[in-house]
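This report concerns only the one structure given below.
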């Protein structure tokens, strides 16, 4: 069973989208724990606002990884390995900091591991958000695949092709693209504000360093306003002229 724990890694340049990511995670996912790993503190208003959020654990750490007994120098690979090790040891969801979370994740908890589709035609899965139970076999196989790394461009050009291959034989639930990546960075219609169906999406990647002003021009605006204004959710609503009504 996947615990409702959410993990994130901060690199450099904290933005308003990162703060929005944490706020939406707190509000919409049902998270019982949120952890942000970072090596160096951010700065500015958005960083200070994020650090002031309640019930978020900030862990300062020195990121490092070893593959085949050799220290890894590539920073992206170091963070990829840290992500997998954290998931395997702790269980939960590990995501990039540029997601806007839209729905409760309780419906996914009964899986051993979950991952979304990025591009079915190109056989890529969305490794920017992964969930699993502690000690999940899929995550262990994923780590072992990194440990057996060979410079084969057909298999290793993108980390997202690795989980695709493993998902053919390992216990993992592969969700449709709409679950975590309903829109692409290149989706002109969405970013121009055209209507988009998001009712089946658990989260939407907004592809930082896209600006908040751009995101607010899309169908995500009402979701963002709910998060920013912290509008009450549930079956009870206050209406003009009526004290309390129940749907």
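Kindly provide the set of residues from segment 129-168 that are out of contact with any strand residue (DSSP E or B) (no Cβ under 8 Å at 6 or more places or on another chain) and at pLDDT below 75, ordered by number.
148, 150, 151, 152, 153, 154, 155, 156, 157
Restricting to segment 48-70, name every residue that is in a helix (DSSP H, G or I) and surrounded by fewer than 19 Cβ atoms within 10 Å (Cβ to Cβ).
Correct list: 48, 49, 51.
Yes or no: segment 191-201 includes at least one residue that is outside any loop (DSSP other than H, G, I, E, B), crowded, with 17+ Cβ neighbours inside 10 Å, touching a helix residue (DSSP H, G or I) at 6+ places or on another chain (Cβ under 7 Å) and at pLDDT 95 or above. Talk me through it step by step, then tell me what you get.
Step one: of segment 191-201, the residues outside any loop (DSSP other than H, G, I, E, B) are 191.
When the remaining residues are screened for being crowded, with 17+ Cβ neighbours inside 10 Å, the result is 191.
From what is left, the residues that are touching a helix residue (DSSP H, G or I) at 6+ places or on another chain (Cβ under 7 Å) are 191.
From what is left, the residues that are at pLDDT 95 or above are none.
Within segment 191-201 (the criterion being outside any loop (DSSP other than H, G, I, E, B), crowded, with 17+ Cβ neighbours inside 10 Å, touching a helix residue (DSSP H, G or I) at 6+ places or on another chain (Cβ under 7 Å) and at pLDDT 95 or above), the answer is no, since none of the residues qualifies.
Could you list, in sequence order, the residues of segment 88-101 that are farther than 23 Å from residue 41 by Cα and in contact with a helix residue (DSSP H, G or I) (Cβ under 6 Å, 6 or more places away or on another chain)?
Restricting attention to segment 88-101, the residues satisfying the condition of being farther than 23 Å from residue 41 by Cα are 88-92, 101.
Once the filter is applied, which keeps residues that are farther than 23 Å from residue 41 by Cα and in contact with a helix residue (DSSP H, G or I) (Cβ under 6 Å, 6 or more places away or on another chain), segment 88-101 yields 88, 101.
Of the residues that sit in segment 85-96 and are assigned to a helix (DSSP H, G or I) and modelled with pLDDT of 95 or more, which one is farthest from the chain's Cα centre (by Cα)?
Of the residues in segment 85-96, the ones assigned to a helix (DSSP H, G or I) are 85-90.
If we keep only those that are modelled with pLDDT of 95 or more as well, we get 86-90.
On the way: 86: 14, 87: 13, 88: 16, 89: 18, 90: 16 Å.
Ranking the qualifying residues of segment 85-96, first place goes to 89.
Which condition from (1) part of a strand (DSSP E or B); (2) under 16 Å from the mean Cα position of the chain (by Cα) is the one that residue 31 breaks?
Failing condition for residue 31: (1).
Checking the conditions here, which among 222, 209, 182 is free of Cβ contacts under 8 Å to residues at least 60 places away in the same chain and either loosely packed, with under 13 Cβ neighbours inside 10 Å or in contact with a helix residue (DSSP H, G or I) (Cβ under 8 Å, 6 or more places away or on another chain) (or both)? Don't jump to the end; show me each part of the working.
On the way: 209 fails: free of Cβ contacts under 8 Å to residues at least 60 places away in the same chain; 182 fails: either loosely packed, with under 13 Cβ neighbours inside 10 Å or in contact with a helix residue (DSSP H, G or I) (Cβ under 8 Å, 6 or more places away or on another chain) (or both).
The match here is 222.
Can you find a residue that is in contact with a strand residue (DSSP E or B) (Cβ under 8 Å, 6 or more places away or on another chain), within 24 Å of residue 177 (Cα to Cα), modelled with pLDDT under 95 and buried (at least 21 other Cβ atoms within 10 Å of the Cβ) anywhere in segment 97-120?
Yes: one or more hits.
Filter segment 209-247 down to the residues that are modelled with pLDDT of 60 or more, over 21 Å from residue 27 (Cα atoms) and assigned to a loop (DSSP other than H, G, I, E, B) and list them by number. Spell out the reasoning first.
Taking segment 209-247 as the starting set, the residues that turn out to be modelled with pLDDT of 60 or more are 209-233.
Within this subset, residues satisfying the condition of being over 21 Å from residue 27 (Cα atoms) are 209-211, 213-214, 217.
Of everything in segment 209-247, those that are modelled with pLDDT of 60 or more, over 21 Å from residue 27 (Cα atoms) and assigned to a loop (DSSP other than H, G, I, E, B) turn out to be 209, 210, 211, 217.
The values are calculated or read from the model by the stated rules, or taken from the named source; none is laboratory data. Values in this document were obtained by computation on a predicted structure and should not be read as measured data. Methodologically, a virtual Cβ is constructed for each residue, glycine included, from the backbone with ideal geometry; neighbour enumeration extends over all protein chains shown.
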